[in-house]
Amino acid sequence: MKAGEVHIWHFGLNRGAAEIAELAKCLTVDEMERARRFHFDVDRDRFIAARGWLRKILSRYAATWPEQLRFQYGEFGKPELAAKSGSNSPQFNLSHSQSRALLGITIGLGIGVDIEYINPDIEWESVAALSFSPPEIQFLRNQLDEKRSETFYDIWTRKEAYLKALGCGFSEPTSSFSVLPKLSLAPVWQIYPLSCPYGFAAALATHGPVEHIQEFSDEAEFCK
């Protein structure tokens, strides 16, 4: 991978029991303890699948074994690879929603990704009133009824990807900035919509220009 490139990995989280057991072998004691805290089996298994595939994919970029990867965390919990995890230093960000996950990997750029399941029944007005800037709220109101949920999640994923790239989570008020293309952030920040399965929305944010984005659908490409 060259500087300025971004690789986007799409993968599903609904896995069979045998694969979940194999993926669990990659996880640390702390990660398995987190998995056991989930009340429902489906949530536990999706967590194991997300962390397991994160490790399997990242290990290729870091030139090490999945179980040998070590993470360190920023002030607001954003993970990054510890220096001892491998010879390379890829930046990454993971997002998951219900049955889908999205992993962004790059070198030399701050990165954030977000994927969200589109709930067509969301009460967008009340959520937008708290989380969106005035131009974004007006933009939503101008949409046709059938496009409003999709547009809401397009804006939401852009905002969350940006905040994740910053590494500050929701400590910064989301209504204080706009991610609409014509009212966007400083030029150093780039936000891109991403392809994803029907019923989901996704976005990528980077600190610096991207020369090329390559998306991998599921882990089929991983096996090549």
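The values are calculated or read from the model by the stated rules, or taken from the named source; none is laboratory data. In this text the structure is predicted, and so the values were computed from the model without any measurement. All Cβ positions, even for glycine, are placed from backbone atoms using ideal geometry, and neighbour counts span all protein chains on display.
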Which ranges mark the strands (runs of 3 or more DSSP E) fully within the range 26-104 that have 1 or more residues being touching a residue at least 60 places away in the same chain (Cβ under 8 Å) and either β-branched (Val, Ile, Thr) or surrounded by 14 or more Cβ atoms within 10 Å (Cβ to Cβ) (or both)?
91-97
For Trp53, the lone unmet condition from (1) closer than 26 Å to Ile213 by Cα; (2) aromatic (Phe, Trp, Tyr); (3) in contact with a Ser or Thr (Cβ under 9 Å, 6 or more places away or on another chain) is (3)
Scanning the range 169-184 for residues that are modelled with pLDDT of 80 or more and in a loop (DSSP other than H, G, I, E, B), the one nearest to His207 (Cα to Cα) turns out to be Val179
